[in-house]
Structures are given as structure tokens and as C-alpha cells.
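Here's the structure we're looking at; comments come further down.
The values are calculated or read from the model by the stated rules, or taken from the named source; none is laboratory data. Just so you know, these numbers come straight off a predicted model, no measurement behind them. Glycine gets a Cβ as well: all are built from the backbone with ideal geometry, and neighbour counts include every protein chain shown.
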Amino acid sequence: MEYGILSIAIPLLTIFLAIITKDVIISLIGGIFTGFLVLHGYNPFEAFVALFDGVIALFKEAWITKTLLFIVLVGAVIRLLALSGAVDSFVLYLSQKATHIDSPKGSMLLAYGIGIVIFIESSITSLVAGTVAKPLCDKNGVSREKLAYICDSTSAPVCALIPLNAWGALLLGLIITAIDTRVISGDAVSLLVASIPFNFYAIISLLIVLGVIFFNIALGSMHKSIATPYTQISNDNTLKSTPYPMLSPIVVMVLMVPFGLYLTGDGNIFKGSGSSAVYYAVIVTLLFIYLYFVPTKRLTHSDYFKALYEGIGEMIPVGIIMIFALLIGTVIVQLGTASYLAHLLHGNISPILMPFFIFLVASITSFATGTSWGTFSIMMPIGLALGASMELHIPLVIAAVISGGIFGDHASPISDTTIIASMAAECDHISHVNTQLPYALLAAGVSSVAFLIAGWATLS
């Protein structure tokens, strides 16, 4: 059954409610209920049952359960690093040894640099950048909103531009499927690599972040963002200047991700499970912290578990947001939002304009669903089929889909990356969404012009 304009109206209503009410959970529940109301013939009882049965059904998917456990356990890691004095020792070390970093620009560049270097997985990228740079940003008067923006804007874009990760594996799989079904021809790896220079949204987003860091470009409500004063968390008066208690667990977590991808992919890192890799990475990190902090008396056995439970508890609201964000994505797929938008375009648009419109449809889909990977899975087959039928430059089409998917991953309030960036920076989620959106829209606007020019250049 086709739902026409309703397939677009419902996700946009959800996002509008989230921004206006500043209550993400209630807005998501309202959008999900409305979606199920449409899907179940406007029967409120069936919609009510479908909503809460849908929550339970999510846990049938192992990757969803692992992702949710990863989120709450990351809260425990952050809490343990704070209460053990590891964060304070790290800040003291940077203040004494790395004076060129101990400044507003330096602290933001630290977050940016970490985001560029760690391209294994977008959640880990945001988490590490936020956790490491947050105390230094607080100390130097950089707002949590600005830190969350930097973390968010370097996670998905970098993972897409350097696809030596699970992102690359997914994209290659989608391209290979199109080749195997004779929709397009060529070599999947060559096509993906050739698409990188056309990934305008990712490239422009990274450049805008540099502009924010070096020239203090403040758009929209970022003008009003206020820094959180840095206060020492540990009560240890004999605090030592050392980076190791802070960095060692982070290094363990980062290294465990490719190792987990290697194991779950049976020796092929590109076939590994991203959700399994980050899930086991955080478990190993918690074990490492216990074996490191308890014997060295940074924490007692009881303090370790007290901090563990407190950290888990602090992440429960984030986990609930993630659950309903995933469910609204499922509802939107059932409504057929992407297919409806693609149907509107097919046969009505000039081939020169098609890369721009593929980017536009992918952007709307990812913004509405909050998932870049889901958008890739939906839009890549559609985009490649449209591209082949209109004889478009296929790497440009691939880039248009990827750029559109990243926009939603970056800008949507129900995106997992947006949620994790808020969590890593300890920033109010809606505040992060509101302050980041003008930058995302600016990048999307410039990218739209770039896709129009590239569409004309590749067909002329």
C-alpha cells in the first residue's frame, strides 16, 4: 500500500515536535504512534499495541541489543575515568606539558584531530574525541555544544571519506549487488574510490569545522552557548600529572574495534560486525580499567562497581532515545518514504539535475530516519538504477547517496551519531541539535550547488 505524502509528513512531524518541545522521547513516541495509526488503518488500539510490541521486537536484532549495551557501558567507562582521577591527571598533564594545546583553539583542534585519526567506527570516533577533549574544553571556555558539534562533524564524514572500516564494507556490498544484478558495470572498489572526491557534504563539513575553530564562526544559537566551568572531580589532593590512566583505556578500546572486526569477519576486517566490535571493545575496556585501577589503588573494588552502576544509570535516558529512534526508522521504512520520493523524481527531472535530487532525497530520508546506513541500503539501489537508466556518472551518483546519508547522520535529532556526540560531550541533546543544524544546513546548501555543477560537468 502506498501512503503518498503521509510517508513524508510523519517523520517531519516527529522532528518538528522534537525541536519545538525539546522532549525527544515524547516526540518520538508521538511520531511512532501516528505512523502506526496510519499503517493500521487509523485504529488507535492496534497502533498502541504495535508501538510497544515494536519496542520488544527491536531486541530480536542482535546488533540493536549490542549497540544499546555499548551505549550504557560507555557511560560506565566515562564515570570510572572521572571518579578515578584519570581525567584530572590528564588535564594537569596537558596544562603543564602541552601548553600549545592548553587553549581554546588547541582544545578544539585536539577533538578535531582525534576525529580525523580514528576512522574505524563513527560511535568510537565521537566518544573518544568527546571524552579526551571535554575537560580541556571546559578549562578553556569552549562550550559543550561546540565540542559536540566538532565530535559529530568529524565522525561520519571521516568514516565515509576513509572507508577502511565497516562503512566501506556496507557500501562495497551495495555496489557489488548492483554489479551482480547487472544494474551497473565496473569494479566496486574502483567505483567507491572514484566517488570520494565527489563526497561534497563530508568534505565541506570538515572544512566548516576548521572555520569554526580558527575563525570562531558562530551561526544561529551557537552564539548563545555557554561554556561549562571546569571543576576537579577527584578528591585526591596528591594528584599526579600523567596521561596514562586516561589514555590507556581509550587506546585499548580503539585497538579492540579493528580486532573485533577481524574476529567477527573470520579474518576479513571488511566483513566484520561493527556492533559486535564496539560491544566487545567496551567490555574489554571495563575489564582493563578494573585490572589497572584497582591494583594501583586508583579505585577500590567497591568504588569501581559503584561508579560502574552510576555510569550505566546515567546513560539509560540516552538508551531510551536510541530505542525509539530505531523504531521510528522502522516505521518510516514501512511507510515507504524513500520510494515515494524517488517515484516523484523519476521521469520528471533532467539528467543534469539528478545527482542533486538524489542527494536531496537521501538527505530527507536520512534526516527523517536518523540512519545513514539505512539510507544507504534504501537509496543506493534506487540511485544506481536511476543513474544507469539516465547514463549518469556512477561515482557521482554513489557520492550523492553517501553525502545525503551523512547529512541525516549529522543533523537529525534521532541519529545514533548525534545522540552519542551529545553523550560524549555531556551536552543537552536538543541544544546540540539546535546549535549544529545551521552548520549542517550550510554544508548541505554548498553541497547542493556542488552537485548541480558536477551534474552539468559530467554530462556536458
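Observations on the model:
- Matching option when the condition is among the aromatic types (Phe, Trp, Tyr), on the phi < 0 side of the Ramachandran plot and surrounded by 15 or more Cβ atoms within 10 Å (Cβ to Cβ), among PHE70, PHE59: PHE70
- Selection count where residues are more than 9 Å from SER241 (Cα to Cα), modelled with pLDDT of 75 or more and part of a helix (DSSP H, G or I), scope segment 86-103: 1
- Residues satisfying the stated conditions in segment 117-151, i.e. part of a helix (DSSP H, G or I) and within 15 Å of VAL212 (Cβ to Cβ): ALA129, ALA133, CYS137, ARG144, GLU145, LYS146, LEU147, ALA148, TYR149, ILE150, CYS151
- Residues that are among the small types (Gly, Ala, Ser) and either farther than 24 Å from ASP416 by Cα or at pLDDT 85 or above (or both) within segment 66-81 comprise just one, ALA76.
- Within segment 393-412, the set of residues being in a helix (DSSP H, G or I), of a type outside the set (A, V, I, L, M) and closer than 21 Å to ILE150 by Cβ comprises SER403, GLY405, PHE407, GLY408, ASP409, HIS410.
- Residue within segment 166-181 that is outside any helix (DSSP H, G or I) and at negative phi present: yes
- Some residue of segment 347-360 being modelled with pLDDT under 80, β-branched (Val, Ile, Thr) and assigned to a helix (DSSP H, G or I): no
- In summary, THR228 fulfils each of the numbered conditions (1) modelled with pLDDT of 80 or more; (2) of a type outside the set (D, E, K, R); (3) in contact with a Lys or Arg (Cβ under 6 Å, 6 or more places away or on another chain) with the single exception of condition (1).
- Single unsatisfied condition, SER389 versus (1) surrounded by fewer than 24 Cβ atoms within 10 Å (Cβ to Cβ); (2) modelled with pLDDT of 85 or more: (2)
- Residue in segment 144-161 that is surrounded by fewer than 19 Cβ atoms within 10 Å (Cβ to Cβ) and β-branched (Val, Ile, Thr) present: no
- For segment 253-269, a residue qualifies if it is at negative phi and surrounded by fewer than 17 Cβ atoms within 10 Å (Cβ to Cβ), and the qualifying residues are LEU255, PHE259, TYR262, LEU263, ASN268.
- Scanning segment 417-432 for residues that are at pLDDT below 90 and surrounded by 24 or more Cβ atoms within 10 Å (Cβ to Cβ) gives THR417, THR418, ILE419, ILE420, ALA421, SER422, MET423, ALA424, ALA425, CYS427.
- Residue match in segment 287-297 (condition: over 30 Å from ALA399 (Cα atoms), surrounded by 21 or more Cβ atoms within 10 Å (Cβ to Cβ) and touching a residue at least 12 places away in the same chain (Cβ under 8 Å)): yes
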